[in-house]
Amino acid sequence: MELNEIRVAVLRIEGTNCEDETVHAFKNLGVEAEAVHLKQFYSDTIREEEKRNIRDYTAIVFPGGFSAGDYIRAGAIFSARIKSVLRKSLEEFIENGYPVLGICNGFQVLVELGALPAFDKTISDRPEMALGINNSGRFECRPTFLRVESRNTAFTGSIDRDIVMFPSAHAEGRVIFPDGREEEWLERLKENGQIVFRYVDPGGRYSGYPWNPNGSIYNIAGICNPDGNVLGLMPHPERSFHPYTHCSWTRGRKETGDGELFFRSILEYMMKL
């Protein structure tokens, strides 16, 4: 695939945010990207020129925010609407190797949808894990340091640093596995190489609060599906795309933002498809 063939859809509904920053990240790397409302895929009320088809795109992103007010559970309503109108198309999209990314609320959507961890099916019939309320019991918004655990994914191949900083901003980000099966689920993730990012302190050590802002098991910040083309992560790479948005910009200037390397990895993956 050539660079000019890449088209990215950042899906939005009421309550999502960061879609503009995510579109900005892709556009800054020279590819076509747009924020697309879910209704543009199926509603008869949308004008013809604004209708879209998932096959028009080569990457799908579920951005951060508070989709549908996070009622019921974070991401639950957005994922239910996707399952009702796009499940088959999204399954085909994933099985064809195209990347699907969920950031923060988007991670919550992918979990509720059953697209992660996707041990046995591309999209399971019901969630296989959960993202619970932070152990602190409050919304956590802070610089977050992550160790890159796997570069064998569509999202990390171009990251040349062991530790990256992506800011966190969430109230429900604690990775939870089925009660009594935590060790089993964790071992499956390890065996499959599905753990992509883990929380660390600025020195690269696996640490508890506040460096692990939510109390996730095994300091997990992001996981992928077994094929490595679906990723969910809680911190926001689009918020550290530029070097000057790094929390230590004035103390240790970098030529490239950590987030840029993340998004560049996605493009380089697609150019190999």
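Ile72: out of contact with any Ser or Thr (no Cβ under 7 Å at 6 or more places or on another chain) and either at pLDDT below 95 or of a type outside the set (A, V, I, L, M, F, W, C) (or both), yes or no? So that I can check it myself, show each step before the final result.
Numbers: out of contact with any Ser or Thr (no Cβ under 7 Å at 6 or more places or on another chain): yes; either at pLDDT below 95 or of a type outside the set (A, V, I, L, M, F, W, C) (or both): yes.
Taking the combined requirement at face value, the residue satisfies it.
Answer with yes or no whether Gly257 is modelled with pLDDT of 95 or more and among the small types (Gly, Ala, Ser).
Details: modelled with pLDDT of 95 or more: no; among the small types (Gly, Ala, Ser): yes.
No.
Find the residue count for region 129-142, including only residues that are part of a loop (DSSP other than H, G, I, E, B) and either under 23 Å from Thr16 (Cβ atoms) or in contact with a helix residue (DSSP H, G or I) (Cβ under 8 Å, 6 or more places away or on another chain) (or both). Spell out the reasoning first.
Step one: of region 129-142, the residues part of a loop (DSSP other than H, G, I, E, B) are 129, 134-139.
Filter once more, so that each one left must be either under 23 Å from Thr16 (Cβ atoms) or in contact with a helix residue (DSSP H, G or I) (Cβ under 8 Å, 6 or more places away or on another chain) (or both): 129, 134, 138-139.
Selection size over region 129-142: 4.
On the given criteria, is Gly102 within 15 Å of the chain's Cα centre (by Cα), in a helix (DSSP H, G or I), within 25 Å of Ile6 (Cβ to Cβ) and not β-branched (Val, Ile, Thr)? When the stated conditions are applied, Gly102 does not pass them.
Within region 171-188, restricting attention to residues that are of a type in the set (Gly, Ala, Ser) and closer than 19 Å to Ile133 by Cβ, the residue that is nearest to the chain's Cα centre (by Cα) is Gly173. Given the conditions (1) at pLDDT 95 or above; (2) in a helix (DSSP H, G or I); (3) over 26 Å from Met1 (Cα atoms), which single one is not true for Phe119? The failed condition is (2).
Do we find that Ser136 is more than 17 Å from Leu86 (Cα to Cα), touching a Ser or Thr at 6+ places or on another chain (Cβ under 9 Å) and not aromatic (Phe, Trp, Tyr) in this structure? It is false that Ser136 is more than 17 Å from Leu86 (Cα to Cα), touching a Ser or Thr at 6+ places or on another chain (Cβ under 9 Å) and not aromatic (Phe, Trp, Tyr). Is at least one residue of region 245-263 of a type outside the set (Val, Ile, Thr), over 19 Å from Ile103 (Cα atoms) and part of a helix (DSSP H, G or I)? Checked against the condition, which is being of a type outside the set (Val, Ile, Thr), over 19 Å from Ile103 (Cα atoms) and part of a helix (DSSP H, G or I), region 245-263 yields no hits at all.
Quick one: which residue in Gly30, Gly65, Gly69 is at positive phi, in contact with a strand residue (DSSP E or B) (Cβ under 7 Å, 6 or more places away or on another chain) and small (Gly, Ala, Ser)? If you could, list the steps in order and put the result at the bottom.
On the way: Gly30 fails: in contact with a strand residue (DSSP E or B) (Cβ under 7 Å, 6 or more places away or on another chain); Gly69 fails: in contact with a strand residue (DSSP E or B) (Cβ under 7 Å, 6 or more places away or on another chain).
Criteria check complete, one pass: Gly65.
If you take the residues in region 82-99 that are buried (at least 18 other Cβ atoms within 10 Å of the Cβ) and of a type outside the set (A, V, I, L, M), which one is farthest from the chain's Cα centre (by Cα)? Among those that are buried (at least 18 other Cβ atoms within 10 Å of the Cβ) and of a type outside the set (A, V, I, L, M), it is Phe93. A single entry from Thr250, Thr245 fulfils the requirement of being modelled with pLDDT under 95 and either surrounded by 14 or more Cβ atoms within 10 Å (Cβ to Cβ) or in contact with a strand residue (DSSP E or B) (Cβ under 7 Å, 6 or more places away or on another chain) (or both): Thr245.
Pairing each residue of region 73-99 that is of a type in the set (Gly, Ala, Ser) with any residue that is surrounded by fewer than 16 Cβ atoms within 10 Å (Cβ to Cβ) and outside any helix (DSSP H, G or I), provided the two are 6+ apart or on different chains, yields C-beta distances under 8 Å for Gly97/Asp227; Gly97/Leu273. Filtered by the rule that a residue be of a type outside the set (Gly, Ala, Ser), free of Cβ contacts under 8 Å to residues at least 60 places away in the same chain, under 12 Å from Val61 (Cβ atoms) and outside any helix (DSSP H, G or I), region 12-51 gives Arg12, Glu34, Val36.
Can you go through Pro178, Pro213 and tell me which one is surrounded by 16 or more Cβ atoms within 10 Å (Cβ to Cβ) and either assigned to a strand (DSSP E or B) or of a type outside the set (A, V, I, L, M) (or both)?
Pro213
For region 10-19, a residue qualifies if it is crowded, with 23+ Cβ neighbours inside 10 Å and of a type in the set (A, V, I, L, M), and the qualifying residues are Val10, Leu11. Checking the stated criteria, Ala154 turns out to be part of a loop (DSSP other than H, G, I, E, B) and in contact (Cβ under 8 Å) with a residue 40 or more places away in the chain.
The values are calculated or read from the model by the stated rules, or taken from the named source; none is laboratory data. The model shown is predicted, which means the values in this text are computed figures rather than measured ones. Positions of Cβ are backbone-derived with ideal geometry, glycine not excepted, and every protein chain shown enters the neighbour counts.
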